[in-house]
Ligand SMILES: Cc1ncc(COP(=O)(O)O)c(C=O)c1O
């Protein structure tokens, strides 16, 4: 990483007073405001300089009426997906939606009926549960297996559940919170199973740009048989643009695409945010170097946490994640109930992490640490936890 980006990412930028959820809402969520925030999945880094410039230029125009995404927006996204992920996407496959969670809701309504069975692999990002339950669908959980060699999908369990009448699966790829980047072999096997049992996979790939150690993200529509599936993607996680609300549903199959498009229209979510589209396009066109720097920086933070815990706090177990900037801390080796551990982290260590139970029952005595923050904050989190645990 060059010194420009090293300094850029190390910068300690005060987010307080910007109505940001991560730092401004600590009191509301944790009962106190004096915490190092390492929870909500956004980053404490400024976005790509070219994005800030493009937004500033557009602001000068002064008229912000109803907007459409143009050809240049599609071309920028297609270019990024080809360059960074080796996948060919056609312009008309792209539908826009305000957010990936919004898209999950649209897909549930487009692809299933009330009562239909939808499979998710747990533990997983909370809104996956919400998307199923909110619309009266039946939740089917297939627990991920934690083996000596890392986390694995349980294909036998998935197949048994598909055979039992699952209509749709929501896949998290890369997986939040356990950090797996699914291999092409795993995804090919999963897609083959889904096609055999007539299951549509909706693949949430919002974390796809964060992969480490030579792991490569395979996009679902690039897998054999994946043209029958839906890929949800966005620049918001990659470039720290979540407040701008912009994402894409990429659907190669025309009939399926129409069904999803109808739901987006029914949700009156077709008119994009001007700034979301501008930021996404500038990021996809000019964000390669910035993205490489951020991935390297996050990987360094990850390695720092792994080394620190091994040396000072071996009772907290982690696996260096292959993807995402989120780390799953296993605190089952520390005495106390989940609530006692949460109390230790908040009221003694003064750190704000996500509670593992927000990701399902398997998250008992687990906590999720967000690594996308200047190194100093990560060091602070670690020192605070160490002091709190040693002084217990
Ligand atoms: C797996 C996953 N999907 C979706 C989202 C949120 O997406 P959006 O802000 O586009 O709704 C997150 C945010 O943390 C996430 O981790």
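The values are calculated or read from the model by the stated rules, or taken from the named source; none is laboratory data. Quick caveat, the model's predicted, so the values are computed rather than measured. Quick reminder, even Gly has a Cβ in these numbers, built from the backbone with ideal geometry, and neighbours come from all protein chains shown.
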Out of 235, 254, 283, 269, I need the residue that is at pLDDT below 95 and either buried (at least 17 other Cβ atoms within 10 Å of the Cβ) or more than 16 Å from the ligand (Cβ to nearest atom) (or both). Which one? 269
Filter result (more than 13 Å from the ligand (Cβ to nearest atom) and either buried (at least 19 other Cβ atoms within 10 Å of the Cβ) or under 19 Å from residue 344 (Cβ atoms) (or both)) within the range 28-44: 29, 30, 31, 32, 33, 34, 35, 36, 37, 38, 44
Using the structure shown, decide if residue 263 is farther than 30 Å from residue 63 by Cβ and surrounded by 18 or more Cβ atoms within 10 Å (Cβ to Cβ). yes
Only one of (1) surrounded by fewer than 18 Cβ atoms within 10 Å (Cβ to Cβ); (2) in contact (Cβ under 8 Å) with a residue 24 or more places away in the chain fails for residue 335. Which number is that? (2)
I'd like the full set of residues that are away from the ligand (no atom under 12 Å from the Cβ) and in a loop (DSSP other than H, G, I, E, B), limited to the range 124-145. 135, 136, 137, 144
Which residue pairs have Cβ atoms under 7 Å apart, sit 6 or more places apart or on different chains, and have a first residue in the range 53-69 that is modelled with pLDDT under 95 and a second that is assigned to a loop (DSSP other than H, G, I, E, B) and surrounded by 10 or more Cβ atoms within 10 Å (Cβ to Cβ)? 66/271; 67/271; 67/272; 69/272
Would you be able to say whether some residue in the range 55-75 is closer than 29 Å to residue 180 by Cβ and away from the ligand (no atom under 16 Å from the Cβ)? no
Among helices (runs of 4 or more DSSP H) completely within the range 240-359, the ones holding 3 or more residues that are touching a strand residue (DSSP E or B) at 6+ places or on another chain (Cβ under 8 Å) are 254-266, 288-312, 338-343
Kindly indicate whether any position in the range 93-111 is away from the ligand (no atom under 16 Å from the Cβ), without any contact (Cβ under 8 Å) to a residue 60 or more places away in the chain and either under 22 Å from residue 292 (Cα atoms) or surrounded by fewer than 20 Cβ atoms within 10 Å (Cβ to Cβ) (or both). no
